[in-house]
Structures are given as structure tokens and as C-alpha cells.
Amino acid sequence: MAATVLSNMPHHVAIVMDGNGRWANKRFLPRIAGHKQGVAALRRCVKACVARGIGVLTVFAFSSENWNRPAEEVSGLIDLLARAVTSEVAELKQNGVRLHFVGDRLRLSAAMQTAFSNAEISTASNAGLVLNICFNYGGRWDIAQAAQRVADSGQPITELAIDRALALAHVPDPDLVIRTGGELRISNFLLWQAAYAELHFTDKLWPEFDEAALDEAIAVFRTRERRFGQTSAQLSLPPESTTPAETGQNMKVG
């Protein structure tokens, strides 16, 4: 399907995929059933982003705090992800999606780490949508590991140096952050990168999130005036009147 790119579209969309467990509870199903439906919702969302010409999709699949959930749910989530990586990579590769797993891999099994690496290698040459799956990820961890990497390198600890050492340094910062499930917080997700992102909250539980819900979030985004510290009057000036440094937009390329 050819992508249709509208003006003033977000290049990078990030999503906190919340509500799988509540979706299952409402239907008197085990929580893992909600997570399975969440995988289906992610599959729909990836296809919708490809169709709309969105360049980067970053999803919060498992936070560093999620280890505190019941052991049965955690093991079920990890097993579900392992199976999804195996079953979905071929289709992602065929659709031109480039896959990245973002987060601290040290707590994961050797088999899971290998599966992540193999999936990334398999899709590395794709030039379409960049899909970042944040697993065992936390925004505070990301900033801390970036600062440590900069310190270890011996270079001055500056904003630019930290930005280049973050786990998502391979893509521009998100333009739009969506959270499903009705909660009004970002829960330690992309704390650095979301500094100038537009935030959109929806009551839809993640398994219910579909193309219409994505289009609604994009439509709201397109009504927002993104000033990056400037005034509205400055935004009306010709593009050559301002510089990237003045607008505050980062220069990373996805």
C-alpha cells in the first residue's frame, strides 16, 4: 500500500500501550488474554502508520517497573513477546519495517537477547517505518546510562552529548506521544525525548485502539501550534528567518 503523507503530520509517534489487563478483566478473562489482544492492536497500528507515511513508531511494551507485577503475568508477557518476535519478523521485513529493541537487556535471558539481535539484523536494511519496541525500558534508566556513557568517554557532559548517547539516538525525538487507557501520565517513558512532544490521552484501552483512534490523535496533533520556545509571530516568518537552534528542534535523522 502506498503511503499517503499529509502536511503537518507527526514524523515520530510514541505510544504508551496501556489497558490490556483491564480489557481482559472487563471480559472475565485472564490478563494474558488482554496482552495477546494487545499484540494484535500493535500489528494494526504498525500497518496504519506505514499507510500514513509515519517514519517512526515507538511503543512502550514493558517498563523497568513492570517486573513488580505478579510473576505469572511477567513470565507470560515475556513468553508472548518471544513468540511474537519469532512469528512477526518475516512480515515486518516484507513490509519494509526496521525493528529496534530499546531497553536494558542485561536482565533478559540469553535466548531473548539473541532473538532481539537476530530480529534487528534481519530487518536492518529496511528503509521504511522504524519500529522501536521499548522492553525493560525506563526514562530514568535511559538518562542515567547515557550520562554514564558520556562520562566514561571523557567528553564534557552536555545536553548534546547525552542526547547522542540515549537509547533512541538513532531517531528524531517524538512529535506525538499517545497514552491509551485513560491515565494522564507518561509513566517514566521517554522523559528526555518527549520534552517538546505533543501529548494525547485517550480512554480507549490498548486492545481497542484502531485506525480511527490513531487518526483522531493525529487530527488533534495537526491543530496544535508547535512553537519550541518561540512566539506565534515568529512562526509566521519565512523559514530562512530562523535556525534549528532557535526553534529548539533536534537534528537527529531517522
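Of the residues making up the stretch 116-168, those that are surrounded by fewer than 16 Cβ atoms within 10 Å (Cβ to Cβ) and acidic (D, E) number 3.
One residue stands out among those in the stretch 63-96 that are of a type in the set (A, V, I, L, M, F, W, C) and without any contact (Cβ under 8 Å) to a residue 12 or more places away in the chain: the one that is surrounded by the fewest Cβ atoms within 10 Å (Cβ to Cβ), which is A71. Within the option set S109, S122, S187, being closer than 30 Å to A33 by Cα, in contact with a Ser or Thr (Cβ under 9 Å, 6 or more places away or on another chain) and among the hydroxyl-bearing types (S, T, Y) holds for one residue only, S187. Among the residues of the stretch 1-37, none is identified as under 15 Å from the mean Cα position of the chain (by Cα) and modelled with pLDDT under 95. Restricting attention to the stretch 14-31, the residues that are surrounded by fewer than 18 Cβ atoms within 10 Å (Cβ to Cβ) and either in contact with a Ser or Thr (Cβ under 9 Å, 6 or more places away or on another chain) or not charged (D, E, K, R) (or both) add up to 4.
I'd like to check which helices (runs of 4 or more DSSP H) are fully inside the stretch 85-202 and have at least 3 residues that are over 18 Å from the mean Cα position of the chain (by Cα) and among the small types (G, A, S).
110-123, 139-153
Residue-by-condition table, conditions (1) over 16 Å from G181 (Cα atoms); (2) hydroxyl-bearing (S, T, Y); (3) in contact with a Pro (Cβ under 7 Å, 6 or more places away or on another chain):
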site: N25; (1), (2), (3): no, no, no
site: F28; (1), (2), (3): yes, no, no
site: H35; (1), (2), (3): no, no, no
site: K47; (1), (2), (3): yes, no, no
site: V59; (1), (2), (3): no, no, no
site: S64; (1), (2), (3): yes, yes, no
site: R69; (1), (2), (3): yes, no, no
site: E72; (1), (2), (3): yes, no, no
site: L80; (1), (2), (3): yes, no, no
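Within the stretch 203-212, the only residue that satisfies the criterion of being surrounded by fewer than 20 Cβ atoms within 10 Å (Cβ to Cβ), part of a helix (DSSP H, G or I) and either without any contact (Cβ under 8 Å) to a residue 60 or more places away in the chain or among the aromatic types (F, W, Y) (or both) is A212.
Taking the criterion of being farther than 10 Å from P207 by Cα and touching a Cys at 6+ places or on another chain (Cβ under 9 Å), the residues of the stretch 16-59 that qualify are G55, V56, L57, T58, V59. Using the structure shown, decide if I218 is assigned to a helix (DSSP H, G or I) and either in contact (Cβ under 8 Å) with a residue 24 or more places away in the chain or in contact with a Cys (Cβ under 6 Å, 6 or more places away or on another chain) (or both). Yes: the conditions hold for I218.
Checking every residue in the stretch 183-192 against the condition of being in contact (Cβ under 8 Å) with a residue 24 or more places away in the chain, crowded, with 17+ Cβ neighbours inside 10 Å and among the charged types (D, E, K, R) gives zero matches.
The values are calculated or read from the model by the stated rules, or taken from the named source; none is laboratory data. This structure is a prediction, so every number in the text was calculated from the model and none was measured. Neighbour counts run over all protein chains shown; Cβ positions are idealised from the backbone, glycine included.
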